[in-house]
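Notes follow once the structure below has been shown.
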Amino acid sequence: MSYLDDMLNLAKDAMNKAYAPYSKYNVGAVIRGESGKLYCGCNVENAAYPSGSCAEQAAISAMILGGDIKISDILIISDGKALVSPCGACRQRIREFSTSETKIHFCSKDKLEQTVSIAEILPYSFGPENLDK
Ligand code: THU
């Protein structure tokens, strides 16, 4: 089994544990840090709707806590009909910890469907280097 199979299994598990009673849209995300360690996240909604958080956000927090600072791969899965794609805010969050090598994988229920780069989904982005003077 490849690391992507491991990531897909962990992402499904995370998706199934999501707390999404309002949208009923469960999302799982798994990050592979540069160390090779895997970090999981799910979406967690709130009765005060804007206080909810995305799966990618949770996976990034776990990655930082685990000591990684760069994303080698991030895999995202949902239980929706259409292929899940990170929201705008999560694209920016992923951007912070990405390189040109970072692979972003979109999955359907059973398999990896598409792999893109951060430049493809967030062109002309603003990142840490933009703060240089
Ligand atoms: N959601 C994510 O977790 N990640 C995304 O990239 C898209 C949206 C969650 C937020 C909310 O709990 C639900 O999906 C519906 O928008």
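Report the antiparallel proportion of the DSSP beta bridges in region 3-122 as a percent, rounded to a multiple of 5. Counting DSSP beta bridges with both partners in region 3-122, the antiparallel share is about 75 percent. Put one equal scatterer on each alpha carbon of the chain, apply the Debye formula with no solvent term, and list log10 I(q)/I(0) at q = 0.14 1/Å to two decimals. Values, matching the q order: -0.57.
Carbon and sulfur: what percent of region 3-122's accessible surface (1.4 Å probe)? Could you put the intermediate results ahead of the total?
Details: 3230 of 6020 Å².
After summing per-atom areas, the C and S share lands at 54 percent.
Separation of region 1-48 and region 78-127, taken as the distance between their Cα centroids, equals 14 angstrom.
Each of 71, 64 has its accessible area taken with a 1.4 Å probe; listed largest first, they run 64, 71. For the chain, the number of Lys pairs separated by eight or more positions or lying on different chains, with C-alpha atoms closer than 13 Å, is 6. Counting heavy atoms of the protein chains alone, residue 24 has an accessible area of about 150 Å² for a 1.4 Å probe. Full extension of the chain segment joining residue 100 with residue 70 gains 9.7 nm, where the gain is 0.36 nm per residue of separation less the Cα-Cα distance. So how much slack lies between residue 79 and residue 61, counting 0.36 nm per residue of separation and subtracting their Cα-Cα distance, in nm? Answer, rounded to one decimal: 4.2 nm.
When the helices of the chain are scored as -39500 (n - 2.57) per DSSP H run of n ≥ 4 and the total is divided over every residue, the value at 222 nm lands at -8000 deg cm²/dmol.
Please give the per residue accessible area of region 3-122, computed with a probe of 1.4 Å over protein heavy atoms only, in Å². Please list the in-between numbers first.
Numbers: 6020 Å² over 120 residues.
Spelled out: the 1.4 Å probe surface of region 3-122, per residue, equals 50 Å².
The values are calculated or read from the model by the stated rules, or taken from the named source; none is laboratory data. Since this is a predicted model, take the numbers as computed values, not measurements. Please note that ligands, DNA and RNA were not included when accessible areas were found on the heavy atoms of the full protein model with its side chains. Shrake-Rupley method; radii C 1.70, N 1.55, O 1.52, S 1.80 Å.
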